[in-house]
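Reviewing the structure listed below.
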Amino acid sequence: MKIVHNPEINQITFLDERYYQDGESGNYYPSVNTVLDVYPKGYGFQQWLKDLGSNSDEVLRRAGEQGTNVHNAIQSFLDGQEVTWTTGEKDNYTLDEWLMFLKFVDFYKTFKPQTIAVEKSLVDPELGFGGTLDYICKIKDEIWLIDWKSGSSIYKGNKIQISAYQKLWNKLNESTHITRLGCAHLRSATRGSDKSGKVMQGAGWKIEEVEDPDHMFNLFKHAQVIWAEENPNSQPKNIVYPDKISIELVKNG
């Protein structure tokens, strides 16, 4: 949920980020992640949720916040800003978040990617979905799409997700086609670089490449059909509230 505050009209709008709006038609289309809600997460994920029991919603919420904080730190760094752990007496990140950010920095220092786009939001009516791509860059003359992952593992759903992002970008950017896809696992058990030079990795991080993106995208299209069947005419729910209130405002309507 994205929050937009407009003090000129005393209004707060809570935007449903599960959808993307096409600027030309004004129509809304589901995000890649929303479509993939119908794709099975696998036995391991379901067992993990079962083990958490009644705490599962809170754990998932915290994991989402952690992922957002790591993404924001990476974006700020790539935008040329100084990223600091603390501001005054306030910690901007947890230690875990900061260490994952430093793993990204190690990747950046080691492979020196040339940035093409950061946190790029796209939507296409023909494909019927939208999404925000974490990082498009050039490494050794190849265009990469890299998705930052702060979870405990990389799942097939992550690779399906990034393959859909590749199709979206390539359809809308004919001159800079993405040819390689990688999920950057910032919680990897790797101890250092790959001596063979075939895998991009370092201490505690690894780029897991998607070997067959066309197959992964076909799986996404199957999920898309199921999602559309179960969500006909689905629209985002954007909620609007006043940003201030008093007894005088209430009396005056």
Identify the residues of segment 131-150 with backbone N under 17 Å of a label point that sits 7 angstrom from the Cα of Asp79 along the Cα-to-Cβ direction, or state none.
-> 132-136
Solvent-accessible area of Tyr28 with every protein chain in place, 1.4 Å probe, in Å² to the nearest 10 = 70 Å²
Working note, segment 157-247: Cα radius of gyration (Å, one decimal) and Dmax (Å, whole number) are 20.0, 71
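Once you sort the root eigenvalues of the Cα gyration tensor of segment 75-171 as a ≥ b ≥ c, which label holds: rounded (a/c under 1.5), prolate (a/b larger than b/c) or oblate (the other case)?
Taking the square roots of the gyration eigenvalues as a ≥ b ≥ c, segment 75-171 is prolate.
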How far, in degrees from 0 to 90, does helix 95-111 lean away from the longest principal axis of the Cα atoms of the chain, to the nearest 10?
-> 50 degrees
Loop GluC sites (Glu not before Pro), segment 54-132 (other Cβ atoms within 10 Å of the site Cβ: 11 or fewer; DSSP) | Glu82, Glu89, Glu126
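Placing +1 at every Lys and Arg Cβ and -1 at every Asp and Glu Cβ, with all other atoms neutral, what dipole size does segment 197-253 have around its Cα centre, in debye to the nearest 20?
Values: 6 positive and 9 negative charges, 78 e Å.
Here segment 197-253 has a charge dipole of around 380 debye.
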His177: accessible area at probe 1.4 Å, nearest 10 Å²?
-> 80 Å²
Whole-angstrom Cα spans of the chain along principal axes, big to small = 74, 50, 44
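Want the number for Glu230 to Asp37: 0.36 nm per residue separation, take away the alpha-carbon distance, what's left? Numbers along the way, then the final one.
Details: separation 193, 0.36 × 193 = 69.48 nm, distance 1.13 nm.
Contour length minus the Cα-Cα distance gives 68.4 nm.
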Rounded to the nearest 10, the angle in degrees between the Cα long axis of helix 56-78 and the longest principal axis of the Cα atoms of the chain comes to 70 degrees
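With a 1.4 Å probe and all protein chains left in place, how much of the accessible area of segment 170-253 comes from carbon and sulfur atoms, in whole percent? Write out the running numbers ahead of the final one.
Working: 2910 of 5800 Å².
Using a 1.4 Å probe with all protein chains present, segment 170-253 comes out at 50 percent carbon and sulfur.
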Surface share of carbon and sulfur [accessible, 1.4 angstrom probe, percent] for segment 105-154 | 44 percent
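What percentage of all Cα-Cα pairs in segment 129-192 are separated by more than 12 Å? List each step's numbers first, then the result.
On the way: 1370 of 2016 pairs.
Tail fraction, whole percent: 68.
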So for Trp148, Trp98, what's the accessible-area order with a 1.4 Å probe, most first?
-> Trp98, Trp148
How far is helix 156-172 tilted, in degrees, relative to the longest principal axis of the Cα atoms in the chain, given as a value from 0 to 90 rounded to the nearest 10?
-> 80 degrees
If you take the beta carbon distance between Ala117 and Ser246 as r and set R0 to 45 Å, what does 1/(1 + (r/R0)^6) give as a FRET efficiency, to the nearest 0.05?
-> 0.50
Which value, in Å² rounded to 10, gives the accessible area of Phe111 with a 1.4 Å probe and all protein chains present?
-> 50 Å²
Which value at 222 nm does the chain reach when only helices count, each DSSP H run of 4 or more adding -39,500 (n - 2.57), with the total divided by all residues and rounded to the nearest 500 deg cm²/dmol?
-> -12000 deg cm²/dmol
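The values are calculated or read from the model by the stated rules, or taken from the named source; none is laboratory data. Not measured: the values here are computed from a predicted model. So basically every Cβ, Gly included, is an ideal-geometry build from the backbone, and we count neighbours across all protein chains shown. Surface accessibility is based on the protein's heavy atoms, side chains included, excluding ligands, DNA and RNA. Shrake-Rupley method; radii C 1.70, N 1.55, O 1.52, S 1.80 Å.
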